[in-house]
Every structure is written in structure tokens, then in C-alpha cells.
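Okay, so here's the structure we're looking at.
The values are calculated or read from the model by the stated rules, or taken from the named source; none is laboratory data. Only a predicted model underlies this, so the values are computations on that prediction, with no experimental measurement involved. We place every Cβ from the backbone using ideal geometry, glycine too, and count neighbours over all the protein chains shown. Heads up: the accessible areas ignore ligands, DNA and RNA and are worked out on the full protein's heavy atoms, side chains in. Shrake-Rupley method; radii C 1.70, N 1.55, O 1.52, S 1.80 Å.
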Amino acid sequence: MSGILAGKKALIFGVANERSIAWAVARELHAQGAELAFTYAGEILEKRVRPLAEGIGSTLVLPCDVTRDEEIEAVFETVGREWDGLDILIHAIAYAKKEDLSQPYVQTGREGFHTALDISSYSLVVLTRHAARLMKGRDGAVVTLTYMGSEKVVPNYNVMGVAKAALEASVRYLAYDLGPEGIRVNAISAGPVKTLAAAGIAGFRDMLRLAGERAPLKRNVEPAEIGRTAVYLVSDMGSGVTGETIHVDAGYNIMGM
Ligand SMILES: NC(=O)c1ccc[n+]([C@@H]2O[C@H](COP(=O)([O-])OP(=O)(O)OC[C@H]3O[C@@H](n4cnc5c(N)ncnc54)[C@H](O)[C@@H]3O)[C@@H](O)[C@H]2O)c1
Ligand SMILES: Cc1c(CN(C)C(=O)CCc2cnc3c(c2)CCC(=O)N3)oc2ccccc12
């Protein structure tokens, strides 16, 4: 059957490897018939990302470090040339300095704060600005990934929690700006998933186990479940939803104890 995203064109930022949440989103979009383009950050990742992309028939695989405006401009110039427009933007990017995710938040330095907010929050604003130009008349949709460390204290999430709070507020302001153009902007607040960005986080394994034990569904969330919520949000099924943050975390965020 031709999927609910047949004929749609999606640009995906944030695939590092097959465990990336962005890759789970890509798989579900592809399963619903969307045509995909990918960006990767740094040559090292190209060797991982290109084979993954080609494996699902995508030939548009472009470099993009979101701290470099010239790389962002080059991506959207290429996408604008190769495609007649864009329907979907997926933002699944975050970064903070490792030491800022273990030392007390009060110790965060100016440079580390700027880096975390630049890559994890501001990047959504600039990518959405470029994407909106290619979404004219197409009722486009943007989805980003956030985490409940923005709403409540998750020990050690620190400056990333502040960045995610800024990201979630940005989703609302972008939704307000772009609603008149028919472009919707939403966030998925995902439960913990064992990815590259989670690897090397002290105590992550315990956090994953605890979340699974405490969540109403008594399990962790699967990447495919995040991907399917992204399909809902970017498809006509989510046509009345914008500026929203949907938790896909087995219900963990509702618990007080
Ligand atoms: N893994 C989790 O537990 C979890 C939970 C909730 C939300 N998230 C969010 O999901 C998103 C994807 O993370 P993930 O868990 O799939 O890990 P991941 O490491 O697979 O993805 C993070 C991506 O960010 C990219 N990135 C970092 N700096 C960049 C830069 N300067 N320019 C361009 N790209 C850059 C990396 O290349 C990587 O592809 C992130 O926003 C993360 O905060 C993750
Ligand atoms: C959950 C959880 C995560 C996963 N998650 C939601 C994330 O958003 C991961 C974000 C992240 C951003 N920057 C970096 C890293 C992870 C690790 C490697 C690195 O050098 N920088 O990260 C945590 C950090 C501390 C506490 C909990 C968590």
C-alpha cells in the first residue's frame, strides 16, 4: 500500500549510526513512502551514514556541522536544487561538552553553555528558517527531539536540560511565526534510549533500568515508537497539532515517585 507520506520529501539531521533516534525516525518515514535526504556531522560519520542512507534508496547525503552557517546554506542550496521543495524537517541533534554533563551545573563555563545552546537549541531556529523557504505552499512540518530534563531535574543532565528548555520554547515561537504559512513545528520528548549520545554517560544503564521499572508501561521506549509518533506529527494525522511537545516515554514523565 502506498504509505501516508507518499510523495513527501524529508530532510533529516542527526543520524550518526543505526542506533540514532534520527535513524528510527527515518525508517518509519521511509516505510510510509517518504523520500529522504540526510546530513551528517564530520567525515568520520559519512562512512556510517552513507551506507545506511543508500540502503533505503537515498542518494542525497550531505555534510553539515550546524555551528557553520556556510555548511547549512550549502545543504539547503543543494536540497533546493535537487528537489522542487521540502515537506518535512527532522532535527535530532544535541551536544554539550562531556565535562558539563558530570560536574555540578553551577560549574558550567560560558563557552560550554554557548556550545550546548548553539548546537542543541539555536540550530533548530536556523534550520527551520532555511527549511521554511522550501516549504512554501506545501503545509510543511518540523519535528525535533527533546528530553524531560528540560522540565524536571535529571541529575547530570545540567546544561542540556537548559538547552532543551530553550528548544521547547523555540518550538512554540517557531510554531507561532510559521503557522500562517501552514508550517507546523513540534517536539517529541523521548524516554532514554541507548544511543551514541547516551553512551559514556555515567550511570546511564541504571537510569535506563530505573525508567523502565518506574514507567506506567513498566518498560523502556523503543526507537520505532518514537519514529511512529514522528510519522503522526508530520502527516495529515497531525494536521491540527503545532507548538506541542509529545512525551513518548512509556509514561515515565507523569510519575511523582
Ligand atoms: N538517547 C536518549 O536517551 C534521548 C532521549 C531524549 C531525547 N534525545 C535527543 O535525541 C536527539 C538525537 O540523539 P540520539 O540519542 O539519537 O544520539 P545520536 O548521538 O545518535 O545523535 C546525536 C546527533 O547529533 C549530531 N550532532 C552533534 N553535534 C553536531 C553538530 N555540531 N552539527 C551537526 N550534528 C551534530 C551527531 O552527529 C549525532 O548524529 C538529540 O537531540 C537528543 O538530545 C535522546
Ligand atoms: C538520559 C540522558 C542522556 C541522553 N539524552 C537525553 C541526551 O539528550 C544526550 C545529549 C548529549 C549531549 N552531549 C553529549 C552527550 C549526550 C554525551 C557525549 C558528549 O560528549 N556530549 O544524556 C544524559 C546526561 C546526563 C544524565 C542523563 C542523560
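Rolled with a 1.4 Å probe across the full set of protein chains, the surface gives Arg133 an accessible area near 140 Å².
Stretched out straight at 0.36 nm per residue, the stretch from Glu151 to Asn17 would grow longer than its current Cα-Cα span by 45.4 nm.
Taking only protein heavy atoms and a 1.4 Å probe, the accessible area of segment 9-251 is 54% carbon and sulfur. Based on protein heavy atoms only, the chain ends up with 48 Å² per residue of surface accessible to a 1.4 Å probe. From its DSSP helices (H runs of at least four residues, each -39,500 (n - 2.57)), the chain gives a residue-normalised ellipticity at 222 nm of -12500 deg cm²/dmol. Provide the percentage of antiparallel DSSP beta bridges, counting only those with both residues in the chain; round to the nearest 5. Roughly 0 percent of the beta bridges in the chain run antiparallel, per DSSP. Give the shape of segment 9-251 as rounded, prolate or oblate, defined through the alpha-carbon gyration tensor: a ≥ b ≥ c are the square roots of its eigenvalues, a/c under 1.5 means rounded, and otherwise the shape is prolate if a/b is larger than b/c and oblate if not. Rounded, since a/c falls under 1.5. Across segment 164-257, the mean sequence separation of Cα contacts (distance under 8 Å, 6 or more residues apart), normalised by length, yields a relative contact order of 41 percent.
Would segment 185-257 count as rounded, prolate or oblate if I go by the C-alpha gyration tensor, calling it rounded below 1.5 in a/c and otherwise prolate when a/b exceeds b/c, oblate otherwise? Verdict is prolate for segment 185-257. With a Förster radius of 35 Å applied to the beta-carbon distance between Arg110 and Lys136, the computed FRET efficiency rounds to 0.35.
A Gaussian network model of the chain, with springs between Cα atoms under 10 Å, assigns the largest mean-square fluctuation among Ile56, Ile21, Ile246 to Ile56.
GNM remark for the chain: springs join alpha carbons under 10 Å apart, and the peak mean-square fluctuation among Phe38, Phe13, Phe113 falls on Phe113.
Rolled with a 1.4 Å probe across the full set of protein chains, the surface gives Lys47 an accessible area near 150 Å².
Entry note, the chain: relative contact order of 19 percent, from Cα contacts under 8 Å with a spacing of 6+ residues.
For the chain, complete DSSP H runs whose alpha carbons reach 24 Å or more along their own long axis and whose mean Kyte-Doolittle score is -1.0 or higher are 158-178. GNM, the chain, Cα, under 10 Å: largest mean-square fluctuation among Leu60, Leu89, Leu145? Of Leu60, Leu89, Leu145, the Gaussian network model singles out Leu60 as fluctuating most.
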